[in-house]
1. Would you point out the residue of the stretch 195-250, among those that are among the acidic types (Asp, Glu) and assigned to a helix (DSSP H, G or I), that is surrounded by the most Cβ atoms within 10 Å (Cβ to Cβ)?
2. So which residues in the stretch 57-74 are of a type outside the set (Val, Ile, Thr) and surrounded by 23 or more Cβ atoms within 10 Å (Cβ to Cβ), if there are any at all?
3. Run Arg173 past the list (1) among the charged types (D, E, K, R); (2) crowded, with 17+ Cβ neighbours inside 10 Å; (3) on the phi > 0 side of the Ramachandran plot and report the number of the one that doesn't hold.
4. Return the only residue of Trp45, Trp52 being in contact with a strand residue (DSSP E or B) (Cβ under 8 Å, 6 or more places away or on another chain), in contact (Cβ under 8 Å) with a residue 40 or more places away in the chain and farther than 28 Å from Arg173 by Cβ.
5. What is the residue count in the stretch 150-168 for residues that are part of a helix (DSSP H, G or I) and in contact (Cβ under 8 Å) with a residue 40 or more places away in the chain?
6. Residue check, Arg253 against (1) at pLDDT 95 or above; (2) open to solvent by 30 Å² or more (accessible area, probe 1.4 Å); (3) of a type outside the set (A, V, I, L, M), all met but one. Which one?
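The values are calculated or read from the model by the stated rules, or taken from the named source; none is laboratory data. Given the structure is predicted, the values throughout are model-derived calculations rather than measurements. Please note: Cβ atoms are built from the backbone with ideal geometry, for glycine as well, and neighbour counts cover all protein chains shown. Heavy atoms of the whole protein, side chains included, go into the accessibility calculation; ligands, DNA and RNA do not. Shrake-Rupley method; radii C 1.70, N 1.55, O 1.52, S 1.80 Å.
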Amino acid sequence: MSRPPTVKALDAGRWFLRSTTRTEAELVLYCLPHAGAGASAYRAWSALLPSWIDPAAVRLPGREHRIAEPPSVDPERLAGAVTTDAAGRPFALFGHSMGGLLAFEVARVLAATGRPGPVRLAVSATAHPRTPVPGTISDLPDERLVQWLREQGTPPRLLADEQLLALLIPPLRADSAWLESYRYRPGPALRCGVSVFAGRQDPYALDLAAWAAETAAGCVVRRYPGGHHYLAERPEPLLADLVEDLAPHRERR
């Protein structure tokens, strides 16, 4: 595999949203969104995490502040942006649903190209990568796609906003197309530990124990009340466990 594309510091800034400036933080936590979502999915996390963690929400192309760009999912480009932004600091990757699979691929790109990787990979509501995606939605007509969103529990007030839907549907199609074309490739175990989180009633969180085979540094699986979107309802229990998993990797200053 070729090295991830070099991303200049100015360009790397487009990839990440920070609610606060934490220049003295000991560890960066890159937070990757679920399909169709943007960096704002993590807007509340700064207030919920200790000051030694610098939460950086990932801005994928084609949404929110990058709405003028074509929506896309590119693990190699994101890996390059993470390397530039981290600038040698220890970092962890966290992703919810599609974001967990993308975080896994970013960690693999970094490992394969000899760049510093995450001290921890944390995935939420993410089936093991070998699990087939249930169904195809990327090419559904808009009406059917909105119906699918309704069935997934998307708040009715969002579905009633035509302007918001016009912004949501293109990145959702791009993310879904990436998921549908994804094929798991066996590879070397990651050198970082893996944390796996999921709602107890999540029908998509399948084969979670198999994540242990993807790491040589240990894997822990935890479940919480709720379904696929348990994290949006009450993130505090997960964050407490995530902080516990990250604490051994603090870079004392």
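1. Here the residue is Glu214.
2. First, the residues of the stretch 57-74 that are of a type outside the set (Val, Ile, Thr): 57, 59-66, 68-72, 74.
Of everything in the stretch 57-74, those that are of a type outside the set (Val, Ile, Thr) and surrounded by 23 or more Cβ atoms within 10 Å (Cβ to Cβ) turn out to be Ala57, Leu60, Arg63.
3. (3)
4. On the way: Trp45 fails: farther than 28 Å from Arg173 by Cβ.
Result: Trp52 is the single residue among Trp45, Trp52 that is in contact with a strand residue (DSSP E or B) (Cβ under 8 Å, 6 or more places away or on another chain), in contact (Cβ under 8 Å) with a residue 40 or more places away in the chain and farther than 28 Å from Arg173 by Cβ.
5. Filtering the stretch 150-168 down to residues part of a helix (DSSP H, G or I) leaves 150-151, 156-159, 162-168.
Next, from what is left, pick out any that are in contact (Cβ under 8 Å) with a residue 40 or more places away in the chain: 167-168.
So the count comes out to 2.
6. (1)
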